[in-house]
Structure formats: structure tokens, C-alpha cells
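Participant: After the C-alpha cells below, expect a handful of questions from me.
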């Protein structure tokens, strides 16, 4: 076998003759190199394959541990959120109850202060409105809600104290107004006998009259001139059927000669309430109301109470 080698200089070629034995030796050498290369590749591949499952198992175990930790974190966060929701729900329920109380208190104040019901309507939400800029709107976060509820709770506590104080003041004012003795014990009629010295209609003698008499139609209404507690309701010597009211601070009023008594001892009556019907029971010459005002045990002239304007 001839091998031709071309040189780099001057393009000259040289020819070598290779014998069959040398050719076989070269082929064997090449095959040995290829075999060695294939074996090295196979060996490296086997080592990689043997090492890969170990590496994959470690990675999987690491991921599993991390996933378990994430599950525990999520579960803990869920429990924390549930507790916060429960706390907020309880807080909202308490605030709703307080709002209902404030509504009831507001309605009572409107009635007590004689305000216009249309101006303060506690059965409807307060009127609000205005244009909305969607670009500036955002949802509340949990901390924002908690802070807002805390501020609202503080404001409600402050308003409750103020409204309670106002209710107490108005109630006391109304009570004082109700207890303020003023006006006549009848709606229609006329004064038939004044307080003081007079000629007694039965004896003809000059005697002291400790009250004022108001003639009225038989069966017409006898009216309480102030709020109070009924301390007497029934027959009494000289008065016939008598009604006595205690207005507090030692002040009492009496209404005598009633045809019928419409209240009982211990009853609480309001100013202007009908407590009996005009009659002529007891020491009387005709249907009328014998009206007395007492301060302590002293009977005073009812005229100043009758003539003064009601508060």
C-alpha cells in the first residue's frame, strides 16, 4: 500500500510504501483508542446515573420539608385571620347594640326636646353623597379596619357620655316642668269662692277659707296641675271624695268634692292628666272643685300658682 504525502513547500510530494503488517497494527491502535474512549464515556455515564438519584432524593426531601413548613405557616396564618375575624365580629355586634341604644336615646331626646321629627330621623342612615374618583379609591386593609373601628369605638363612647348627660339634663328639666304647679284644676268653669276670709254658706258666719272653689259642670274633668304621686284617693271628712297629690319638695295639692275618683293611692300622674270628675260630695252646695295648695303642712294661697305661666 502506497501513502502519498504532499509538502507545504514547492508542492512536492513524497510516496511511502506501507506493508500489510504495519497497516494492521495501525488499525488495531485506532480501534483500541475508540474502545478506550467508549469505555470512559460509559464509565462516566454510569457514575452520573448512580449519583443522580441521590441528588434528586435530597432535593425532593428539601422541597418537601419546605412545603410542610409553608403549609404550617399558612395554617397558622389562617387561624390568626379566623381569630381576628371573630374578634371583629364580636366588636361589630357590640357596636351594633350600642348604635341601637343611641338611636333609641336620640329618638327620646327628640321627643323630650320637642324637636322636629323630620329633622332628626334615626330610622334612616344619614344623607351623604358626592362624585367618586375611581383612580383614588382603594380597599381597606386589616390594620386600617382595626384602627378605624378603634376610632369609631372611642367616638361612640364619647357620644354616649354626651347624650346620656343631655338626656339627664332634659329629663330633669322636663321633670321640673311637670312638677311645676301652675294652672287651674278645671278646663271650663269659674272661681266661685276665693282663698281667705268669707261668709260660710252653711253657718252665715265669717270663716277662713283655706282653698279656692271652682264651679264647673257636674261630671266634667278634674285636672292635675302638676305631675306627682297620689297620696290620697277617696272619702275624707268635709272634702267628700278627695284626691291629694305630692309633687316633691314638700309641695302638695288637693282636689275636693269629686263625684268620681279616677286614680288610686300610689299612682304616678302627669301634668294635665284627668284624675277625677267634678261633683258635690261632702260639705258642698253644688258641683265644684275645692282646690288647695300645701307647702309642708301649711296651706297657702293657690292664686299665685294658678296665675303664673307654665314653664
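Participant: In Å and on Cα atoms, what radius of gyration and Dmax does region 216-266 show?
Facilitator: Cα-based Rg and Dmax for region 216-266 come out at 10.7, 33 Å.
Participant: Let me ask something additional. Kindly put 192, 220 in sequence by how many other C-beta atoms sit within 10 Å of each C-beta, fewest to most.
Facilitator: Numbers: 192 15, 220 18.
If I rank by nearby Cβ atoms, fewest first, I get 192, 220.
Participant: Rounded to two decimals, what ratio of Rg to Rh does region 271-311 give with C-alpha atoms and a Kirkwood Rh?
Facilitator: Values: Rg = 12.8 Å, Rh = 12.6 Å.
Value, to two decimals: 1.01.
Participant: Distances longer than 21 Å among the Cα atoms of region 190-307: what percent of all pairs is that?
Facilitator: Values: 2177 of 6903 pairs.
When every Cα pair of region 190-307 is considered, 32 percent fall beyond 21 Å.
Participant: Please report 229, 74, 278 as a ranked list, fewest other C-beta atoms within 10 angstrom at the top and most at the bottom.
Facilitator: Ordered from fewest to most neighbouring Cβ atoms within 10 Å, 229, 74, 278 come out as 74, 229, 278.
Participant: Between residue 285 and residue 198, what length in nm is gained on full extension when 0.36 nm per residue of separation is reduced by their alpha carbon distance? Don't jump to the answer; show the numbers that get you there.
Facilitator: Details: separation 87, 0.36 × 87 = 31.32 nm, distance 1.49 nm.
Full extension of this stretch gives 29.8 nm more.
Read-outs: derived from the displayed coordinates by stated rules, not from any lab. Small disclaimer: the values here were computed from a predicted structure and weren't measured. Cβ: placed from backbone, ideal geometry, glycine included. Neighbour counts: every protein chain shown.
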